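Below is one structure, written out as structure tokens; the observations come after it.
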Amino acid sequence: MFHTFLPQKPGPIGIFDSGYGGLTILRSIREQLPEYDYLYLGDNARAPYGSRSFEVVYDFTLQAVKRLFELGCHLVILGCNTASAKALRSIQQNDLPYLDPSRRVLGVIRPTVEVVGELSANKHVGILATPGTIKSESYNIELEKFYPGIRVSGQACPLWAALVENNEHLGAGADYFVEKNLNQLLEQDPEIDTIILGCTHYPLLLEKIRKYTPSSIRLVPQGDYVAKSLQQYFVNHPEMESRCTKHGTCEFLTTESSEKFAENATIFLDYEIHAKKIVLE
């Protein structure tokens with residue numbers, strides 16, 4: 001039985017994140033595709049997702065996807081590595097067929113993985129991410145699929161996202177954790193030549209990450225690659241592109257205080273925003 005969402009008329013591109021990190025993805029996408037309309041939803045009241053179970057992340061993510069569908073989005077991007085790792089496949093395979101098989105949900109892991117082969121010379125790749133993303137081994141699985149024989153080392157960075165969300169990422173305290181986790185990663189495989197920043201918060205720590213990373217190692221933030229992938233997706237799927245409205249607008253929803261969201265969003269965006277509070281269930 002299909003549960004076809006209304007309205008079926010064209011709508012904005014939905015971007016979901018457990019908190020604020022997805023704003024770095026939104027920023028990159030809007031820079032490359034400014035003509036489209038966007039609807040951002042942050043589940044800030046229940047963030048972070050990084051340490052939550054697969055089941056809980058899946059439930060929360062599905063609630064958000066359904067809400068964005070109800071609000072007219074035909075395409076939803078999970079701008080969150082944890083949601084992409086723990087929920088995307090189940091939603092694509094099990095839920096979309098009966099929710100509405102004409103709609104699409106995309107993640108941020110695959111677009112990042114697809115470019116690694118061009119970036120890594122020796123196929124020794126490191127992943128810095130939340131505990132949930134590392135535990136899921138989603139990057140390992142996808143990288144092995146694209147590049148058999150690649151060596152992948154993952155390091156969980158349990159405090160990095162919290163440092164960013166609490167606006168502590170520029171302070172000296174953040175250096176300790178960045179240096180510690182980077183050393184742990186490079187101890188696993190000293191031959192790493194490419195490191196994927198597998199959390200959308202981490203671009204805000206880029207200066208510190210670069211400071212403690214050998215200059216020979218390439219760092220890979222996700223935003224630009226996700227934006228380029230979406231651009232190509234629209235070329236390959238003109239039927240979906242035509243269902244995305246183009247007025248250059250962007251709206252923001254949060255499950256937390258709208259004032260708090262608007263204030264903290266300025267850490268990630270270079271412009272002021274207004275947000276609306278909603279409840280997910």
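Just a few scattered comments:
- Selection count, the stretch 232-281, where residues are open to solvent by less than 60 Å² (accessible area, probe 1.4 Å), basic (Lys, Arg) and either touching a strand residue (DSSP E or B) at 6+ places or on another chain (Cβ under 6 Å) or not in a loop (DSSP other than H, G, I, E, B) (or both): 0
- Filtering the stretch 155-166 to residues that are in contact (Cβ under 8 Å) with a residue 40 or more places away in the chain and either assigned to a strand (DSSP E or B) or open to solvent by 70 Å² or more (accessible area, probe 1.4 Å) (or both) leaves only Pro158.
- Tyr40 vs. criteria aromatic (Phe, Trp, Tyr), at pLDDT 95 or above, surrounded by 24 or more Cβ atoms within 10 Å (Cβ to Cβ) and within 21 Å of Lys246 (Cβ to Cβ): yes
- Qualifying residues in the stretch 96-152 (those that are more than 21 Å from the chain's Cα centre (by Cα) and under 20 Å from Lys86 (Cβ atoms)) - the one surrounded by the most Cβ atoms within 10 Å (Cβ to Cβ): Leu99
- Which numbered condition Leu204 misses (of (1) assigned to a helix (DSSP H, G or I); (2) open to solvent by 50 Å² or more (accessible area, probe 1.4 Å)): (2)
- The conditions of being open to solvent by less than 30 Å² (accessible area, probe 1.4 Å), touching a Gly at 6+ places or on another chain (Cβ under 9 Å) and assigned to a loop (DSSP other than H, G, I, E, B) are not met by Thr213.
- Entry remark, the stretch 180-201: residues being of a type in the set (Val, Ile, Thr) and either part of a loop (DSSP other than H, G, I, E, B) or out of contact with any strand residue (DSSP E or B) (no Cβ under 8 Å at 6 or more places or on another chain) (or both) number 2 in total.
- Output for the stretch 189-209, where each listed residue is in contact (Cβ under 8 Å) with a residue 60 or more places away in the chain, over 15 Å from Ala129 (Cα atoms) and not acidic (Asp, Glu): Ile192
- Any hit, the stretch 220-240, residues being more than 19 Å from the chain's Cα centre (by Cα) and more than 23 Å from Val108 (Cβ to Cβ): no
- For the stretch 51-73, the tally of residues that are of a type in the set (Gly, Ala, Ser) and open to solvent by less than 10 Å² (accessible area, probe 1.4 Å) stands at 2.
The values are calculated or read from the model by the stated rules, or taken from the named source; none is laboratory data. Nothing here was measured: the structure is a model prediction, and the numbers come from that model. As a convention, Cβ positions derive from the backbone with ideal geometry for all residues, glycine included, and neighbour counts pool all protein chains shown. To get the accessible areas, we keep the full protein, side chains included, count just its heavy atoms, and leave off ligands, DNA and RNA. Shrake-Rupley method; radii C 1.70, N 1.55, O 1.52, S 1.80 Å.
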